[in-house]
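Note sheet for the following structure.
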């Protein structure tokens, strides 16, 4: 488990108990930290507490010195005001946030006169298409990148404390200045979300008959999965990082427009046109995406196994792989419409593929490599 060597902060206040805030709280609780929770929505914070994320603090004005550090898990536009209020209440020695843009909250924090020496802007590159405390997971950050954007004013002590928190959550800290961070996430996070939303929007009832969706496979699900995210939150995020995101979208749109032009000309009989160059560039881009824990991407072999659609089958499959001494690096499941079975595609290291196939076949699993 990542973070095993890290010492968790002793006392942490989490302000904002949505998916990320509650996941931070759960991760720190597993590490033995004392965690307090605050949220403007009483039902939300109560649910987080009922999940074991920590103890509710009804009013920050009554919480002076309650924590060593505070994690502000609020939307980007609310970070600076929340930081100012928390510092006025004296709830902690150091502060960080988890907003997915950094220039906006930093600029607003300066304008509000916040004590920046004790503030480390942060952003965990982790999330789910679901939101709210019910979707939180203590292992959400394991092996994931967590950007830290210390300011010129940030003290070394505050940075060390926040770094310890990140490591305790199992994440890998990466430093970047706020402007660089926002350009990078426009490319690797914010732009992709809008591209996914644009593709998902093509599936609206007014655009496509429902019968066409019966043909939907894993590719469509992969491309559109993140489009199910919270629209209100994503509107804030995209507005706060508008210029870098617009630049990424313009470049993607230009590639797609050129592909559409070539395909149209080919369909009209104007001679063979090819989108192979774009497809090849896409393959090269995928190959550059880091593998687990930020390491270089590895080549894996896919082993396909037919599994019955019933409780416990996936657990049995994983147990069989574990008994064979094979680590499953990744898994995806393709369901068979109208049939009580599906196909689990297990990604393993090439050297272990034959071992896994032999073990599964010996156990009666229908296997294809």
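The values are calculated or read from the model by the stated rules, or taken from the named source; none is laboratory data. Please read these numbers as outputs of a predicted model, since none were measured by experiment. A quick note on method: Cβ atoms are made from the backbone with ideal geometry, for glycine too, and the neighbour counts reach across all protein chains shown.
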Any hit, segment 263-272, residues being surrounded by 13 or more Cβ atoms within 10 Å (Cβ to Cβ) and either in contact with a helix residue (DSSP H, G or I) (Cβ under 9 Å, 6 or more places away or on another chain) or at positive phi (or both): no
Subset of segment 276-295 [surrounded by 10 or more Cβ atoms within 10 Å (Cβ to Cβ), at pLDDT below 85 and assigned to a helix (DSSP H, G or I)]: 287, 292, 293, 294
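Conditions tested, residue by residue: (1) in the same structural domain as residue 198 (by TED's automatic domain parsing); (2) modelled with pLDDT under 85; (3) within 21 Å of residue 107 (Cβ to Cβ).
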position: 227; (1), (2), (3): yes, no, no
position: 232; (1), (2), (3): yes, no, no
position: 238; (1), (2), (3): yes, no, yes
position: 241; (1), (2), (3): yes, no, yes
position: 247; (1), (2), (3): yes, no, yes
position: 254; (1), (2), (3): yes, no, no
position: 258; (1), (2), (3): yes, no, no
position: 274; (1), (2), (3): yes, yes, no
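Tell me yes or no: at least one residue of segment 60-76 is assigned to a strand (DSSP E or B) and closer than 25 Å to residue 239 by Cβ.
Our first condition is that a residue be assigned to a strand (DSSP E or B); within segment 60-76, this holds for 69-72.
Imposing the further condition that a residue be closer than 25 Å to residue 239 by Cβ reduces the set to 71-72.
Yes, segment 60-76 contains at least one residue that is assigned to a strand (DSSP E or B) and closer than 25 Å to residue 239 by Cβ.
Which residue out of 124, 152 is within 18 Å of the chain's Cα centre (by Cα) and at pLDDT 95 or above? Before the answer, list the steps.
Values: 152 fails: within 18 Å of the chain's Cα centre (by Cα).
That would be 124, the only listed residue that is within 18 Å of the chain's Cα centre (by Cα) and at pLDDT 95 or above.
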Segment 146-170: number of residues that are in contact with a helix residue (DSSP H, G or I) (Cβ under 6 Å, 6 or more places away or on another chain) and surrounded by fewer than 21 Cβ atoms within 10 Å (Cβ to Cβ): 3
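Give the residue that is surrounded by the fewest Cβ atoms within 10 Å (Cβ to Cβ), with candidates limited to residues of segment 1-19 that are at pLDDT below 95 and in contact with a strand residue (DSSP E or B) (Cβ under 7 Å, 6 or more places away or on another chain).
Looking at residues that are at pLDDT below 95 and in contact with a strand residue (DSSP E or B) (Cβ under 7 Å, 6 or more places away or on another chain), I get 10.
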Scan of segment 127-149 for residues that are modelled with pLDDT of 95 or more and over 12 Å from the mean Cα position of the chain (by Cα), ordered by number: 147, 148, 149
Residue, nearest to residue 240 (Cα to Cα), within segment 202-219, restricted to residues that are in a helix (DSSP H, G or I) and free of Cβ contacts under 8 Å to residues at least 12 places away in the same chain: 219
Meets criteria (surrounded by 21 or more Cβ atoms within 10 Å (Cβ to Cβ) and either outside the structural domain of residue 121 (by TED's automatic domain parsing) or not in a loop (DSSP other than H, G, I, E, B) (or both)) for residue 47: no
Verdict on residue 75 being touching a helix residue (DSSP H, G or I) at 6+ places or on another chain (Cβ under 8 Å) and modelled with pLDDT of 95 or more: no
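Name the residue, out of 40, 80, that is part of a loop (DSSP other than H, G, I, E, B) and within 27 Å of residue 241 (Cβ to Cβ). Talk me through it step by step, then tell me what you get.
Working: 80 fails: part of a loop (DSSP other than H, G, I, E, B).
When all the criteria are applied, what remains is 40.
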